[in-house]
Amino acid sequence: MALDSKIPEGKLQEKWEEYKEHAKLVNPANKRKVEVIVVGTGLAGASAAATLAELGYKVKAFCFQDSPRRAHSIAAQGGINSAKNYKNDGDSVYRLFYDTIKGGDFRSREANVYRLAQVSTDIIDQCTAQGVPFAREYGGLLDNRSFGGAQVSRTFYARGQTGQQLLLGAYQALERQIGLGNVQMYSRHEMVDVVIIDGKARGIIARNLITGKLERYFGHAVVLASGGYGNVFYLSTNAMGSNVTAAWKAHKKGAYFANPCYTQIHPTCIPVSGDYQSKLTLMSESLRNDGRVWVPKTREDAKAIREGKKRAEDIKEEDRDYYLERKYPSFGNLCPRDIASRAAKEACDDGRGIVPSGFGVFLDFSDAIRRLGIDTVKARYGELFPMYQNITNEDPLKTPMKIYPAVHYTMGGLWVDYELMTSIQGLYCLGEANFSDHGANRLGASALMQGLADGYFVLPYTIGNYLSAEIFTKAIPTDHPAFEEAAKAADERMKKLLSINGKQSVEDIHRKLGKIMWEYCGMARNAEGLTKARKLIQELREEFWSDVKVTGQQNEFNTELDKAGRVADFLELGELMVIDALNRNESCGGHFREEYQEQGEAKRDDEHYLYVAAWEFKGVGADPELHKEELKYENIKLQVRSYK
Amino acid sequence: MKLNLKVWRQKNANTTGKLVDYTVDGLNPDMSFLEMVDVLNDQLVKKGEEPVGFDHDCREGICGMCSMYIDGRAHGPQHAATTCQLYLRSFKDGDTVHVEPWRSRAFPIVNDLVTDRSAFDRIIAAGGFVSVNTGQAQDANNLPVEKLNAEKAMDAAACIGCGACVAACPNGAAMLFVSAKISQLALLPQGQPERDLRALRMVEQMDAEGFGNCSNIGACEAECPKEIKLTNIARMNRDFLVASVGSETE
């Protein structure tokens, strides 16, 4: 199938208006007859489900957690970007668009990103109207801060809990529709397959996580908003339950998976401290506004710190290497995430890491404390310092924080066109789960913006364009052969998982997969390592299917079985990520190939790789087929992304 | 370090449960309490036994999913922390620790330490929102909010819906949870048009779910991981009273 991104003709600034003016509509009487399934209730899923229900569609929403309010969007700390220009500091839709394209290292679609910047202003209005308690100035108007390398203050925030407040806003809108009977909510349900009938998505198979039973649901269209796949690395800042299963099942049924290798490694997380560790905790990027990142200049000093013979305070000013300030004088400690992460890895690979494992650097607030006073610094990072102290038992007001990069966000995901439809008719994908508007690297405070843009303001328009032709389709009974077949396959797979009865726990194998991914497909990649990784993943997959031990029964509450299904999918996704990373013989954004660099900086190859790599599934272990969507830059000139 | 655990095991809502003894050794004081449960579960799985069921997700204290009594206290001994943010350095080597699910009529047990807290969702669905459809909003700065009120609204909005307030309350009351949402919206201009109706509907649903009433004990506030204040309950009671006697809405 040829990839048609369906980008409307016309001037960049007019494409979305033009599209909306001509998109087909479904009349209110018909909307009541049309059913839409939404999988996932994070920012994208909850906002989409609520909005579709407000419009009059019959919605069924699914989440694996005990309540839609738990989705991992809730953990986003810093803020949400919007081109409101309330600060009168020169921001505009165009500037937000430009920053997002540049931040993404010129690997996203102009038209999508422009639309994102356009609707960003509506998002703030909507959320404020819902009662989201954004930070305010004394005059009662909304406050902004600068964030993640932007030269304007366009980030709206609610203390360090912006994701929580935005999610609760969307959740409340969703609950309102549930109360009104317009949404049927299925909590503790996990989608285990999508049902395709005559080339169109017509429903899902979901496992009821309490009874363990497989249930079937019909929809005229299916919307996936199931989040990112960072947990393929085992350790990440994602929630424990975050998984790729819904998106991966859709991929195996024909939806193309785009740019899977684009992974965002967040520079400021608490370093790994032991084998038991279950997740990594992010420390907000806002800390880099006042914190200075450094390691000792010499390996000897670093070694002494690792061994506990010296402390940070013992290293004299002239013996410290503030490497971000040294390498990137114009952005310094505020350079984008991919660049800050890579620089930390470089310092640690050079033997100058400062935690026992060797993988950690200092984030030092002592200058800020001297300049601003301890009270100001404390007030500014109110929740973050106690959180750090609670986890590490060290007080960042007295001794520098120790940080290291960790997997945080995945820019890749299911390929979607301008209407957010995947390569399967009637199957849509929103938020982090799609291959998204962030190109090869996402800027801070842009994930919340994209999730809500997709759910509140894009999908509700674009889905009508498809559903207008579906109003005559009667609900398909769930004993249709396609439902039977999908349910049977899901049932057999679970039986198989329970029957292996090997020696390793699901956790053991997941941890092994994480190590392979981090080592060979993490912050720096090369052809040799990636080739090796593919083989290792294939072997590990065999190990899983012959030696995993899954306890309990199928038709009961069984978290081991839930986990086993998710890890089995990660074991297939991991291979695709490696294949994609191997195919992309360039460095861009979160994808850094060691062979392609110039004086230590990423070297993009626009001549050969100015495209979205959309992969078609051809069987487990088989080579997927690559489809290229060429990226056309008509408004922005391609340039080397420099923060020096 | 080593811990002796007494963990509540219960197959499902229809069976009876009991405390089962486990000893977990080789622990590290820097582990979180939930990572300790991970270690226990890994050992159980390898022995072919079913792991302890427990709710957890974000493991950074914000999703509100983790929920258990640790030695009789909601989320354990540490003040203002969820179970996932509790570290083993709060315990001594060789301690015996009791681990149980939330106990409340309105939170039926699903499995082991897992309970059904969907009553909270139904209370929100009854009125915990501002009725504004997507696209209806005016410009955000057309609604100035006094900074102090915005801060107080945010304090209330910080509730994570974990249910510790209910679990801590001898009456099994959900009034801290309900009042946090009522307060947040009552403190903001956006919440005014539905203020009376919201208080009536949410309280009605709260009662229908089988939660108890407040008798000013204050255990909810003491155990709340987000330090939601008791004054929210006072505000809720005032709004409910005003709505009941002075309103023409119903």
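The values are calculated or read from the model by the stated rules, or taken from the named source; none is laboratory data. Keep in mind it's a predicted model, so treat the numbers as computed, not measured. Here Cβ is always computed from backbone atoms with ideal geometry, including for glycine, and neighbour counts include all displayed protein chains.
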The correct count of residues that are touching a Leu at 6+ places or on another chain (Cβ under 8 Å), crowded, with 17+ Cβ neighbours inside 10 Å and not in a helix (DSSP H, G or I) in region B:205-235 is 3
Residues (surrounded by fewer than 19 Cβ atoms within 10 Å (Cβ to Cβ), within 12 Å of another protein chain (Cβ to nearest Cβ) and in a loop (DSSP other than H, G, I, E, B)) located in region B:11-46: B:K11, B:N12, B:A13, B:N14, B:T15, B:G26, B:L27, B:N28, B:P29, B:D30
If you check B:I109 against the conditions, is it at pLDDT 95 or above, surrounded by 24 or more Cβ atoms within 10 Å (Cβ to Cβ) and within 11 Å of another protein chain (Cβ to nearest Cβ)? no
Please verify whether A:A48 is of a type outside the set (D, E), in contact with a helix residue (DSSP H, G or I) (Cβ under 6 Å, 6 or more places away or on another chain), surrounded by 24 or more Cβ atoms within 10 Å (Cβ to Cβ) and within 16 Å of A:V119 (Cβ to Cβ), treating the condition exactly as stated. yes
Scan region A:420-434 and tell me whether some residue there is of a type in the set (V, I, T) and assigned by TED's automatic domain parsing to the domain that holds A:A250. yes
Quick check, is A:E54 within 30 Å of A:L180 (Cα to Cα) and not aromatic (F, W, Y)? yes
Out of everything in region A:177-206 that is under 24 Å from the mean Cα position of the chain (by Cα) and among the charged types (D, E, K, R), what residue ends up being farthest from the other protein chains (Cβ to nearest Cβ)? A:D193
So in region B:160-204, with the set limited to residues that are outside any helix (DSSP H, G or I) and facing chain A (nearest Cβ under 9 Å), which one is farthest from A:I124 (Cα to Cα)? B:G161
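Residue-wise test of (1) surrounded by fewer than 24 Cβ atoms within 10 Å (Cβ to Cβ); (2) within 10 Å of chain B (Cβ to nearest Cβ); (3) of a type in the set (S, T, Y).
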| site | (1), (2), (3) |
| --- | --- |
| A:G103 | no, no, no |
| A:S120 | no, no, yes |
| A:P133 | no, yes, no |
| A:T155 | no, no, yes |
| A:E175 | no, yes, no |
Pairs please, first residue from region A:343-356 and surrounded by 24 or more Cβ atoms within 10 Å (Cβ to Cβ), second anywhere and assigned to a loop (DSSP other than H, G, I, E, B), Cβ atoms under 6 Å, 6+ apart in sequence or on different chains. A:G353/A:F359; A:G353/A:G360; A:I354/A:G360
Regarding region B:88-106, can at least one residue be identified that is at pLDDT 95 or above, within 13 Å of chain A (Cβ to nearest Cβ), buried (at least 21 other Cβ atoms within 10 Å of the Cβ) and out of contact with any Leu (no Cβ under 9 Å at 6 or more places or on another chain)? no
Enumeration of residues in region A:367-416 that are within 24 Å of A:W518 (Cβ to Cβ) and of a type outside the set (A, V, I, L, M, F, W, C): A:Y388, A:T392, A:K402, A:Y404, A:P405, A:H408, A:Y409, A:T410, A:G412, A:G413
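Of the residues B:R201, B:R238, which is over 23 Å from B:A164 (Cβ atoms), at pLDDT 95 or above and surrounded by fewer than 14 Cβ atoms within 10 Å (Cβ to Cβ)? Don't jump to the end; show me each part of the working.
On the way: B:R201 fails: surrounded by fewer than 14 Cβ atoms within 10 Å (Cβ to Cβ).
B:R238 is the lone residue from the list that is over 23 Å from B:A164 (Cβ atoms), at pLDDT 95 or above and surrounded by fewer than 14 Cβ atoms within 10 Å (Cβ to Cβ).
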Looking only at region A:521-574, count every residue that is in a loop (DSSP other than H, G, I, E, B) and either surrounded by 20 or more Cβ atoms within 10 Å (Cβ to Cβ) or touching a residue at least 60 places away in the same chain (Cβ under 8 Å) (or both) and tell me the total. 12
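Here is a list: A:E35, A:E110, A:E18, A:E54. Which entry is outside the structural domain of A:F385 (by TED's automatic domain parsing) and free of Cβ contacts under 8 Å to residues at least 60 places away in the same chain? Step through it out loud before you land on a result.
On the way: A:E35 fails: free of Cβ contacts under 8 Å to residues at least 60 places away in the same chain; A:E110 fails: free of Cβ contacts under 8 Å to residues at least 60 places away in the same chain; A:E54 fails: free of Cβ contacts under 8 Å to residues at least 60 places away in the same chain.
Of the residues listed, the single one that is outside the structural domain of A:F385 (by TED's automatic domain parsing) and free of Cβ contacts under 8 Å to residues at least 60 places away in the same chain is A:E18.
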List every residue pair whose Cβ atoms sit under 6 Å apart, with the two residues 6 or more apart in sequence or on different chains, where the first one lies in region B:134-151 and is aromatic (F, W, Y) and the second, anywhere, is not in a loop (DSSP other than H, G, I, E, B). none
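Would you check if A:K253 is within 22 Å of A:S423 (Cβ to Cβ), surrounded by fewer than 23 Cβ atoms within 10 Å (Cβ to Cβ) and either modelled with pLDDT of 95 or more or of a type outside the set (K, R) (or both)?
Details: within 22 Å of A:S423 (Cβ to Cβ): yes; surrounded by fewer than 23 Cβ atoms within 10 Å (Cβ to Cβ): yes; either modelled with pLDDT of 95 or more or of a type outside the set (K, R) (or both): yes.
So A:K253 fits the description; yes.
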Might you let me know whether region B:102-115 holds any residue that is closer than 22 Å to A:Q164 by Cα and either outside any helix (DSSP H, G or I) or under 15 Å from the mean Cα position of the chain (by Cα) (or both)? no
A:E625: in contact (Cβ under 8 Å) with a residue 12 or more places away in the chain and either out of contact with any strand residue (DSSP E or B) (no Cβ under 9 Å at 6 or more places or on another chain) or surrounded by fewer than 19 Cβ atoms within 10 Å (Cβ to Cβ) (or both), yes or no? no
Scanning region B:116-133 residue by residue, the ones that are in a loop (DSSP other than H, G, I, E, B) and either facing chain A (nearest Cβ under 7 Å) or among the hydroxyl-bearing types (S, T, Y) (or both) total 7
Regarding region B:68-81, can at least one residue be identified that is hydroxyl-bearing (S, T, Y) and more than 8 Å from every other protein chain (Cβ to nearest Cβ)? yes
Could you list, in sequence order, all residues of region A:61-101 that are at the interface with chain B (Cβ under 10 Å from one of its Cβ atoms) and in a loop (DSSP other than H, G, I, E, B)? A:F64, A:Q65, A:D66, A:S67, A:A71, A:A76, A:Q77, A:S82, A:K84, A:Y86
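A quick yes/no check of all residues on (1) closer than 28 Å to A:K253 by Cβ; (2) in contact with a helix residue (DSSP H, G or I) (Cβ under 9 Å, 6 or more places away or on another chain); (3) crowded, with 24+ Cβ neighbours inside 10 Å; (4) modelled with pLDDT of 95 or more:
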position: A:L3; (1), (2), (3), (4): yes, no, no, no
position: A:K20; (1), (2), (3), (4): no, yes, no, yes
position: A:A23; (1), (2), (3), (4): yes, yes, no, yes
position: A:G40; (1), (2), (3), (4): yes, yes, yes, yes
position: A:G79; (1), (2), (3), (4): no, yes, yes, no
Consider B:A219 against the criteria (1) of a type in the set (G, A, S); (2) closer than 21 Å to B:Q78 by Cα; (3) free of Cβ contacts under 8 Å to residues at least 40 places away in the same chain: it satisfies all of them except one. Which criterion is unmet? (3)
Could you tell me how many of the residues in region A:447-492 are more than 26 Å from A:R216 (Cα to Cα) and modelled with pLDDT under 95? 0
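Restricted to region A:587-619, and to residues that are of a type outside the set (D, E, K, R), over 24 Å from the mean Cα position of the chain (by Cα) and at pLDDT 95 or above, which residue is farthest from A:A343 (Cα to Cα)?
If we filter region A:587-619 for residues that are of a type outside the set (D, E, K, R), which is where we start, we get A:587-592, A:596-597, A:599-600, A:602, A:608-615, A:617, A:619.
The next check asks that each one be over 24 Å from the mean Cα position of the chain (by Cα); those that pass are A:596-597, A:599-600, A:608, A:619.
Subset that is at pLDDT 95 or above: A:596, A:608, A:619.
Details: A:Y596: 16, A:H608: 26, A:G619: 38 Å.
Ranking the candidates gives A:G619 first.
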